[in-house]
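Report on the following structure.
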Amino acid sequence: MTTTVSREHTVEQKRVLATAIPGPRSAALQQRKTAAVSSGVSTGLPVYIERAAGGILVDVDGNQLIDFGSGIAVTTVGNAAPRVVERVTAQVADFTHTCFMVTPYEEYLEVAEALNELTPGDHEKRSALFNSGAEAVENAVKVARYFTGRQAVVALDHGYHGRTNLTMALTAKNMPYKQGFGPFANEIYRAPMSYPFRWPGGPADCAKESFDVFVSQVQTQVGAGNVAAVVMEPIQGEGGFIVPAPGFMKQVSEWCTDNGILLIADEVQTGFCRTGDWFASEHEGVVPDLITTAKGMAGGLPLAGVTGRAEMMDAVHGGGLGGTYGGNPVACASALGAIETMKEEDLCGRARQVEAIFLPRLRALAERFPQIGDIRGRGAMLAIELVNGPGDLTPNAALTAAVNKACHAEGLVTLTCGTYGNVFRFLPPLAAGDALLNEGLDIFEAAFAAAAG
Ligand code: PLZ
């Protein structure tokens, strides 16, 4: 038993539909958005939020929406989680910023110590803090290049690592992330991903072949001796919640070690209890050389980290890593509140409970609807991949979008993903109770049946 379900929330954990979604006030704000905000920044569900707690978002029209997205895997501890609010409130009144590179403070050290302790492996580690997932990935690449004296970086098909210039180059999908934004950073190479559902010959062949195909491509097209790092998400996020074949990541990890290559595990989306462990690499039995974190770590405030082997992280010259805001004290206080919550409420255990609630229902739905080609993920990071039918694996992005839209109209905040836009993903906050999760699933199932039937 966890305590999450009984936590007192400042917003009643109940869905309320007061108006159409979006309601009139949100619609008016969306008009202001069009006039004031770059159209390059889009909004998936334009309801404007004024309050949130646990698994409920309250909009300006008085609607209470169930959150199945956690602001893209960020509010793992729930929105405005009590310990996060307490710590942030106290910190913001004490001081807001000094810049750790100028006059440091203890909160930064506490977050670095927590990262060193919680990430896989009992070797000596060091951490550095940044503002966003993309910035963490950039800095992990800097460390890997510095330490190895090599330049090439290998990323995988379907991988997602951010929107800055280097991380756009690492990200696989063109639209909407890269189109028109080149030229991209060089010395980035793409290798085949172990994608069981779409592997020619199916999952069993994928498990047998995908590592060999990966190595062969890197050897022939890059040369292992030129590679500084392989950057890999243990479960791919934006690319479609793709879980590699069992053993693939472990084989890549061992091959990296044998060839003097650093394995960077990008755990920006998978980290901090999301998949039922502190880090998804643990499930694969992998101890990455460097690990990037962000999102769930800080309960909603912008904070990111790179954690790695002491000899690698300490190789860089003094002043080589940093940034004005990296490890901001308020964001660090938030992270300390979030990490405390994860420990005290056993949110890794809660993620496994979430999986136990979702999977049987998703499997039952797949029995009824042949458009559900695959069910995958772990913990509270789950997805279904939609296709035309059993014999036809053509991605069904239209059905995915229709189900998403129907969920939104019913006050359920849902997200899609995938290279082909045909993956429907579930990322509920781990503070949401069973009743709320089941109500969300009721809405999703009805929406699916109406759109697919
Ligand atoms: N690495 C594995 O999932 C961010 C992107 C949303 P930032 N994923 C959500 C969008 O469309 O911009 C992500 C990730 C992984 C890196 C990142 C980048 O993290 O904090 O968005 O920079």
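The values are calculated or read from the model by the stated rules, or taken from the named source; none is laboratory data. All figures in this text were calculated on a predicted structure; none of them were measured in a lab. So basically every Cβ, Gly included, is an ideal-geometry build from the backbone, and we count neighbours across all protein chains shown. These accessible areas exclude ligands, DNA and RNA; they are computed on the full protein's heavy atoms, side chains included. Shrake-Rupley method; radii C 1.70, N 1.55, O 1.52, S 1.80 Å.
Descriptive notes on the structure:
- The condition of being surrounded by 22 or more Cβ atoms within 10 Å (Cβ to Cβ), over 24 Å from LEU290 (Cα atoms) and in the same structural domain as THR292 (by TED's automatic domain parsing) holds for only one of VAL88, VAL102, that being VAL88.
- Looking only at region 253-268, and only at residues there that are away from the ligand (no atom under 16 Å from the Cβ) and crowded, with 24+ Cβ neighbours inside 10 Å, the one that is farthest from the chain's Cα centre (by Cα): ILE261
- Selection status of VAL213, within 23 Å of VAL137 (Cβ to Cβ) and either outside the structural domain of VAL74 (by TED's automatic domain parsing) or small (Gly, Ala, Ser) (or both): no
- Residues (surrounded by 23 or more Cβ atoms within 10 Å (Cβ to Cβ) and of a type outside the set (Val, Ile, Thr)) located in region 332-344: CYS332, ALA333, SER334, ALA335, GLY337, ALA338, MET342
- All positions within region 443-453 that are open to solvent by 40 Å² or more (accessible area, probe 1.4 Å) and under 18 Å from GLY54 (Cβ atoms): none
- So GLN179, is it within 16 Å of the ligand (Cβ to nearest atom), farther than 21 Å from GLN269 by Cβ and out of contact with any Ser or Thr (no Cβ under 6 Å at 6 or more places or on another chain): yes
- Test: residue in region 29-38 that is within 16 Å of the ligand (Cβ to nearest atom) and assigned to a loop (DSSP other than H, G, I, E, B): yes
- For ALA280: the one exception among (1) away from the ligand (no atom under 12 Å from the Cβ); (2) under 22 Å from PHE197 (Cβ atoms); (3) touching a Pro at 6+ places or on another chain (Cβ under 6 Å); (4) hydrophobic (A, V, I, L, M, F, W, C): (1)
- Test for GLY44: is it under 17 Å from THR414 (Cα atoms) and open to solvent by less than 40 Å² (accessible area, probe 1.4 Å): no
- Test result for ASN63, buried (at least 24 other Cβ atoms within 10 Å of the Cβ) and either outside the structural domain of ASN438 (by TED's automatic domain parsing) or not acidic (Asp, Glu) (or both): no
- Residue within region 2-19 that is open to solvent by 30 Å² or more (accessible area, probe 1.4 Å) and closer than 23 Å to TYR177 by Cα present: no
- From the list GLU355, GLU385, GLU340, the one residue that fits, being among the acidic types (Asp, Glu), under 22 Å from ARG7 (Cα atoms) and touching a strand residue (DSSP E or B) at 6+ places or on another chain (Cβ under 8 Å), is GLU355.
- Residue check: GLY326 meets all listed conditions (1) closer than 15 Å to THR76 by Cα; (2) under 20 Å from the mean Cα position of the chain (by Cα) but one, namely (1).
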